[in-house]
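For reference, the structure discussed in these notes is given below.
Derivation of every value follows stated rules applied to the coordinates shown; laboratory data play no part. Bear in mind the structure is a predicted one, so any value in this text is a computation, not a measurement. Neighbour counts are summed over all protein chains in view; Cβ atoms, including those assigned to glycine, are modelled from backbone coordinates with ideal geometry.
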Amino acid sequence: MEELSARQKVILTLVTHEHIKTAAPIGSRSLVERFNLKMSSATIRNEMAALTEKGYLRQPHTSAGRVPTESGYRFFVGRLVNETEIPEPTKRKITHQFFQMRNEVEQWMRLAASVLADQSKAASMITAPHLTKAQLKHVEFISTSGKQVLMVLVLVGGEIRQRLQSLTEPVSQQVLSNVANHLSNLFYGFTVEKIATNRSRLSSELERTLLSWVSEEMGQVETFGSGELFLDGITNVLAEPEFNDSGEARKALRVLEERTLLNELFSNTVLNIDEGSVQVLIGGENEWDDLSQCSIVLSKYGAPGVAYGTVGVLGPIRMAYGQTISAVRFMSGLLSDMVSQSLFEDQIVSSQEVES
């Protein structure tokens with residue numbers, strides 16, 4: 001894109017700012033009246049025409065005002081100096097709510113999604129923390145009917161997995177509970193590889209069978225690449241004027257509902273950035289057609305090299321970027337603190353059990 005003059009930068013910033021607020025094309029006269037500019041309407045019209053030629057603005061209809069293009073929004077986001085910070089009392093209140101939940105990871109995710117949707121006025125996307133190497137924390141086996149058993153697997157870091165399996169013959173709940181306790185104590189903190197090298201410590205065929213279920217599920221966790229997805233605020237997006245057209249609404253919903261699409265999005269963007277950094281995708285960045293009318297703000301949280309999750313917001317390309325970026329960054333930092341503390345507490349418990 002061509003370099004802009006100082007005056008063109010000001011006009012592009014103001015057009016983008018006003019369009020984000022109003023969702024309407026912005027004309028030269030409205031800029032003069034709104035900001036008391038020391039330029040004539042004719043001068044601003046000429047500069048807006050130049051910005052249109054350079055690809056930063058477009059004119060939806062003849063004789064209408066201008067709206068930013070993807071390049072215009074990218075320029076605007078790059079010039080954001082002062083993000084709209086969440087008020088300190090609100091930050092303290094949110095932080096207190098999280099620490100009241102202690103290690104209830106699922107509640108953290110639901111609260112994070114709710115807070116982020118409220119702060120951004122858009123749709124939030126949160127994935128549960130996912131270990132780069134799955135480590136066993138606790139397992140339960142619950143007899144359901146006949147030979148069927150529900151395995152509930154809890155990993156270090158709080159990720160929970162469930163799987164329904166079948167035994168060759170029925171086993172009582174008492175026996176299943178005893179085996180679960182034995183495996184949880186014996187293999188606490190073990191990875192898949194470490195479990196495999198210690199299988200000889202088991203004496204019964206039932207224990208070895210149930211342990212194989214645990215190993216297989218932990219292997220699936222490592223292969224999958226991200227934890228459970230939590231969504232909130234979808235109605236915020238559908239209420240925006242850009243999505244009054246049912247076609248655009250369906251595209252936005254498809255992005256939020258199709259996990260494979262989100263996994264591709266996360267793996268190509270947020271997984272390649274550092275924890276706490278924020279990435280902004282505008283209009284699909286010419287890669288995702290369904291996002292042509294959307295922008296996404298993403299960040300990664302967690303403990304570097306140990307566990308990570310994704311924090312994101314999806315909204316119209318006309319979203320309030322300053323407010324949204326600030327909210328995503330705050331939530332990323334808060335969740336990183338929660339995950340690090342949870343892992344630290346798990347390590348303390350593990351060392352105490354080893355000593356005992």
### Task
Give the long-range amide H neighbours of R58: residues separated by 5 or more places, or on another chain, with amide H under 5 Å away, using H modelled in the peptide plane at 1.01 Å from N.
V67, T69
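Would you mind computing the Rg to Rh ratio of the stretch 6-78 from its alpha-carbon coordinates, Kirkwood style for Rh?
Numbers: Rg = 10.8 Å, Rh = 11.8 Å.
Reported Rg/Rh, Kirkwood definition of Rh: 0.91.
Mean residue ellipticity at 222 nm from the helices of the chain, using -39,500 (n - 2.57) per DSSP H segment of n ≥ 4 over the full residue count, to the nearest 500 deg cm²/dmol? Before the final figure, lay out each step's value.
Details: 13 runs with 177 residues, N = 356.
It lands at -16000 deg cm²/dmol.
Given +1 on the Cβ of Lys and Arg, -1 on the Cβ of Asp and Glu, and no further charges, what dipole in debye does the chain carry about its Cα centre, rounded to the nearest 20? Mind dumping the intermediate values first?
Values: 34 positive and 42 negative charges, 209 e Å.
My answer is approximately 1000 debye.
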### Query
Using all Cα-Cα distances in the chain, what percent lands in each 20 angstrom bin from 0 up to the longest?
26, 45, 21, 7, 0
#### Entry: Most mobile of L51, L131, L155 in a GNM of the chain (Cα contacts under 10 Å)
L51
### Query
Given labels modelled 7 Å from the Cα in the Cβ direction, how far is it in nm from V152 to E264?
3.6 nm
### Task
Starting from the Cα of R45, step 7 Å along the direction of its Cβ; do the same at E106; then give the gap between the two resulting points in nm.
6.2 nm
### Message
Compute the angle between helix 205-224 and the longest alpha-carbon principal axis of the chain, please, reported from 0 to 90 degrees and rounded to the nearest 10.
### Response
10 degrees
### Task
Find which of I26, A320, P304 sits farthest along the positive direction of the dipole of the chain, computed with +1 on the beta-carbon of Lys and Arg, -1 on that of Asp and Glu, about the Cα centre.
I26
### Summary
Cβ density ranking, 10 Å radius, fewest first, applied to K21, K300, K137, K54 yields K21, K54, K137, K300
### Message
If each residue of separation counts as 0.36 nm, what is the full-extension length gain between L253 and K91 once their alpha-carbon separation is subtracted?
### Response
55.3 nm
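Would you mind putting 6-15, 87-96, 115-124, 38-47 in packing order, based on average other-beta-carbon counts within 10 Å, highest first?
Answer by packing, highest mean first, reads 115-124, 6-15, 38-47, 87-96.
Could you put D290, D232 in order, starting from the residue whose Cβ has the fewest other Cβ atoms within 10 Å?
Values: D290 16, D232 21.
Listed from fewest to most nearby Cβ atoms, that is D290, D232.
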### Query
Label-point separation (nm) for R58 and T13, each offset 7 Å from Cα along Cα-to-Cβ?
2.5 nm
### Query
In degrees between 0 and 90, to the nearest 10, how far off the longest principal axis of the chain does helix 259-268 point, with axes built from Cα atoms?
70 degrees
### Task
Post the alpha-carbon centroid distance, the stretch 311-332 to the stretch 278-302, in whole angstrom.
11 Å
### Euclidean distance between Cα centres, the stretch 231-250 to the stretch 1-68, Å
27 Å
### Query
Just the Cα atoms of the stretch 178-295: what Rg and Dmax do they give in Å?
21.5, 65
### Task
Starting from the Kirkwood radius over alpha-carbon pairs of the stretch 49-178, derive D by Stokes-Einstein at 10 °C in a medium of 1.306 mPa s and give it in µm² s⁻¹.
79 µm²/s
